[in-house]
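Just below is one structure, and these are the notes that go with it.
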Amino acid sequence: MNSNLAQYLQATEIIDFHHPTVKAFVHKRIQGASTPRQQAVKLYYGVRDEIRYDPYSIDLSVKGLRASTTLENGRGWCVPKAALLAACCRSLGIPVKLGYADVRNHLSTARMREQMKTDIFLWHGYATILLDDKWVKATPAFNIELCHRFQLKPLEFDGTFDSIYHPFDLLGNRHMEYLRDRGEFADVPLDQIIKDFYRTYGSPQQLCAFDFQKDIEQENPLGR
């Protein structure tokens, strides 16, 4: 195997696909899928919808970002959710890169805006999966319930075309803007993420003391 490709198949401290919890999740989700593309699609939807998106759950530690930890918590922000999808696919011998970009996110809460002092989210994470000799981007961050509440168009993934954020929501309001491509990596570039987060946001982990679900229900009780 090409040595450059091999790095996108390896387990790491964060992409711990040998963990029993990860192996069990993969085994359950890929039932009926006979090809890598079908398996990747099933895993994408499993991570997207069964792991609740929670930007308050930021834990900038190896343990906090591990695929197994994300499964055990049942929630996570974009970086650990992308790492979990990578772990699941790599466990099946499907190469995956971890991609990152800075984005302007128009979906946030008052608490997040006050804490962050900006609507720019650094190091938004996604996965890039090698399927049928083509690298395809997959963004499993926003679970379907969150999309329905905020009237966002859910990100679908068919293993053929890139799945990246839509610029507008279903009402035509601005939703997501990609500002800077950070590149793609074999593992989570944790040291750089920590450096940039603390320099820009102070301590984003202060949000862990609050409940994201309660905040969005209070601010948007019936959807827009």
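The values are calculated or read from the model by the stated rules, or taken from the named source; none is laboratory data. Bear in mind the structure is a predicted one, so any value in this text is a computation, not a measurement. Note: ideal-geometry Cβ built from the backbone for every residue, glycine included; neighbour counts use all protein chains shown. To get the accessible areas, we keep the full protein, side chains included, count just its heavy atoms, and leave off ligands, DNA and RNA. Shrake-Rupley method; radii C 1.70, N 1.55, O 1.52, S 1.80 Å.
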Problem set entry | Descending semi-axes in Å of region 56-109, equivalent ellipsoid built from Cα gyration tensor | 21, 15, 9
For this session: At 7 Å along the Cα-to-beta-carbon direction for both residue 6 and residue 203, put a label point, then send me their distance in nm to one decimal.
Result: 4.3
For this session: Calculate what fraction, in whole %, of the accessible area of region 20-92 sits on carbon and sulfur atoms when a 1.4 Å probe is rolled over the protein chains.
Result: 48
Exercise. Roughly how many nanometres apart are two label points built 7 Å out from the Cα toward the Cβ at residue 196 and residue 174?
Worked result: 2.1
Problem set entry | Surface accessible to a 1.4 Å probe, residue 59 within the full protein complex, Å² | 60
Exercise. Counting only pairs 8 or more places apart or on different chains, how many lysine pairs in the chain have C-alpha atoms closer than 15 Å?
Worked result: 9
For this session: May I ask you to derive the FRET efficiency for residue 137 and residue 114 from their Cβ-Cβ distance with R0 = 35 Å, giving the value to the nearest 0.05?
Result: 0.65
Exercise. Relative to the longest principal Cα axis of the chain, at what angle does helix 36-50 sit, 0 to 90 degrees, rounded to 10?
Worked result: 30
Problem set entry | Cα centroid separation, region 162-222 to region 24-86 (Å) | 17
For this session: Would you mind calculating the gained length between residue 213 and residue 50 on full extension (0.36 nm times residue separation, minus the Cα-Cα distance), in nm to one decimal?
Result: 57.2 nm
Problem set entry | Fraction of antiparallel bridges per DSSP, the chain only, in percent to nearest 5 | 90
Exercise. What list of ³J(HN,Hα) values in whole Hz, one per residue of region 89-99 in order, does the Karplus curve 6.51 cos²θ - 1.76 cosθ + 1.60 (θ = phi - 60°) give from phi, with Gly and Pro shown as x?
Worked result: 5, 4, 4, 9, x, 9, x, 9, 9, 9, x
Exercise. Using a probe of 1.4 angstrom, how much of the accessible area of region 137-221 is carbon and sulfur, in percent?
Worked result: 51
Exercise. Looking at region 1-130, what % of its DSSP beta bridges pair antiparallel, to the nearest 5?
Worked result: 80
For this session: Give me the accessible area of residue 124, 1.4 Å probe, in Å² rounded to the nearest 10.
Result: 10
Exercise. Solvent-accessible area per residue for region 75-150 at a 1.4 Å probe radius, Å²?
Worked result: 31
Problem set entry | Inverse mean reciprocal Cα-Cα distance (Kirkwood Rh) of the chain, Å | 17.6
Exercise. Amide H to amide H under 5 Å from residue 180: which residues, 5+ apart in sequence or cross-chain, H placed 1.01 Å off N in plane?
Worked result: 102
Problem set entry | Kirkwood-based Rg to Rh ratio, region 109-162, C-alpha trace | 1.09
